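As structure tokens, the structure follows; a few thoughts come after it.
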Amino acid sequence: MSEIEKKPIKITETVLRDAHQSLIATRMPTEFMLPIVDKMDKVGYHSVECWGGATFDASLRFLKEDPWDRLRKLRDGFKNTKLQMLFRGQNILGYRPYADDVVDYFVQKSISNGIDIIRIFDCLNDLRNLQEAVNATNKFKAQEGRGEAQVALAYTLGDAYTLEYWTSMAKKIEEMGADSICIKDMAGLLVPYKAAELIKAMKEVTKLPIQLHTHYTSGVASMTYLKAVEAGVDIIDTAMSPLALGTSQPATESMVYALQQMGFDCGVDAHELNRINEFFIPVKDKFSANGTFDPYVLSTKTDALIYQIPGGMLSNLVAQLKAQNAIDRLDEVLAETPRVRADMGYPPLVTPLSQMVGVQATVNVLLGGRYKSIGKEIKSYIRGEYGKAPGEVNPELAKQVLGDEQPMTGRFADTLEPEFPAAREHLGTHARSEEDVLSYIAFPQQAEQFFERREQTFTASYSFKEVK
Ligand code: CO
């Protein structure tokens with residue numbers, strides 16, 4: 001083996017976003033985070049991931065917090081470390097495509113309230129669904145001198161996903177003006193030797209830094225990182241050990257230790273890491289005590305490696321079949337799933353495609369014939385409303401859905417009118433800021449309930465002042 005270049009490896013800490021999203025349903029409130037921010041800021045992380053769809057939703061819905069307020073408080077505390085968020089391309093933080101004006105506004109407000117790096121991805125890896133967010137980030141960076149656009153590719157397996165596919169995507173991402181690339185392996189499908197092959201191939205075609213994001217679900221994630229580091233990856237995503245492993249990321253402390261032993265400098269202080277570890281142990285204990293943390297999420301599930309479908313999708317299939325009293329048909333559904341995915345042009349099995357493919361495969365088996373009934377979302381997908389399928393959609397299936405209609409070849413968001421003005425008008429004085437309007441656009445019901453509660457609290461404190 002030739003000598004490996006021992007360049008510094010940067011660390012993105014996920015404990016304030018993906019780690020608690022993966023293990024404790026995103027229930028960590030801001031007040032639990034703030035006491036450790038100062039120490040985390042001094043460790044030497046490349047960035048701290050702290051914001052995204054689920055953190056935003058759970059703040060409003062369950063924690064009764066303003067997600068923008070959390071971001072500003074974290075920004076105040078993190079004086080040296082970059083803050084990072086996850087952004088679902090044209091879907092922003094939700095599940096439907098938004099008009100471009102909202103995408104622009106969201107990017108702009110995220111950066112002005114404290115985000116440095118926006119990790120942008122699309123469930124179909126359709127770069128047209130990412131361009132607007134990348135442009136908006138670059139526009140804001142030119143004005144304010146802050147903001148980085150990272151394009152993330154959803155990692156998946158299948159005939160369409162050759163090394164050629166990944167390298168051509170890497171070249172296009174560089175051309176579209178992104179600052180870095182992330183390979184986002186949501187399901188723990190990326191195994192060590194494949195990671196080495198993939199990173200090496202991508203490094204040959206792009207100068208952009210490459211970051212790797214994976215989950216420990218199938219038990220290979222830390223090995224995958226080691227091979228990726230040897231192959232030249234620049235940044236890895238890890239979580240402090242009390243909230244690492246299982247459906248979360250590899251542990252920061254263990255990865256840093258192993259990498260330092262191998263001669264890679266991660267730029268972080270191991271003693272400081274230990275203090276952060278001590279802080280998060282009782283935090284985790286609180287979530288264990290109230291039942292939010294279920295140790296089941298830590299068990300290794302190799303189903304993803306055997307069936308090449310994400311663990312979460314398999315458990316959904318099992319639940320669906322049990323509900324239909326048809327668990328004895330599981331083998332047939334597992335055989336049908338890759339066929340449906342092939343018919344749809346091999347979409348990555350991520351939300352919402354994993355649910356759509358799983359339900360259609362189940363329907364095909366239980367109705368005793370393929371595509372006797374076709375789901376509404378599958379029809380929209382075949383009409384091109386989600387974006388372009390990575391491979392070819394089965395022409396017979398396309399004909400059955402479309403008839404004489406042509407699939408959409410343009411970008412669905414181009415058919416949408418600006419949304420911000422109507423939302424602002426709808427909210428009237430309930431919105432105290434443009435950030436409020438964006439919260440409402442992202443999660444209408446949760447935001448309106450939050451505004452109502454806020455007004456009640458405000459009135460109460462106001463009348464108290466009157467008495468005084
Ligand atoms: Co993740």
Looking only at residues that are among the acidic types (D, E) and touching a residue at least 24 places away in the same chain (Cβ under 8 Å) in the range 380-402, which one is surrounded by the most Cβ atoms within 10 Å (Cβ to Cβ)?
E385
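Table: residues versus (1) in contact (Cβ under 8 Å) with a residue 24 or more places away in the chain; (2) exposed (fewer than 14 other Cβ atoms within 10 Å of the Cβ); (3) touching a Leu at 6+ places or on another chain (Cβ under 8 Å); (4) within 30 Å of V205 (Cβ to Cβ).
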{"site": "D234", "(1), (2), (3), (4)": "yes, no, no, yes"}
{"site": "G246", "(1), (2), (3), (4)": "yes, no, yes, no"}
{"site": "E278", "(1), (2), (3), (4)": "no, yes, no, no"}
{"site": "K284", "(1), (2), (3), (4)": "yes, no, yes, no"}
{"site": "S288", "(1), (2), (3), (4)": "no, yes, no, no"}
{"site": "Y296", "(1), (2), (3), (4)": "no, yes, no, no"}
{"site": "A304", "(1), (2), (3), (4)": "yes, no, yes, yes"}
Qualifying residue in the range 200-208 (condition: under 22 Å from Q249 (Cβ atoms) and touching a Pro at 6+ places or on another chain (Cβ under 8 Å)):
no
Wholly within the range 51-127, which helices (runs of 4 or more DSSP H) include no fewer than the required count, namely at least 1 residues that are within 16 Å of the ligand (Cβ to nearest atom) and buried (at least 23 other Cβ atoms within 10 Å of the Cβ)?
53-61
Could you list all residues from the range 227-253 that are more than 23 Å from E272 (Cβ to Cβ) and among the aliphatic types (A, V, I, L, M)?
A228, A231, V233
Can you name the residue in the range 1-30 that is under 16 Å from Y45 (Cα atoms) and touching a Phe, Trp or Tyr at 6+ places or on another chain (Cβ under 6 Å) and is also nearest to the ligand (Cβ to nearest atom) among such residues?
E13
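Coordinate-derived values only; no laboratory data. Please read all numbers here as calculations on a predicted model, not as lab measurements. All Cβ positions, glycine included, derive from the backbone under ideal geometry; neighbour counts span all protein chains shown.
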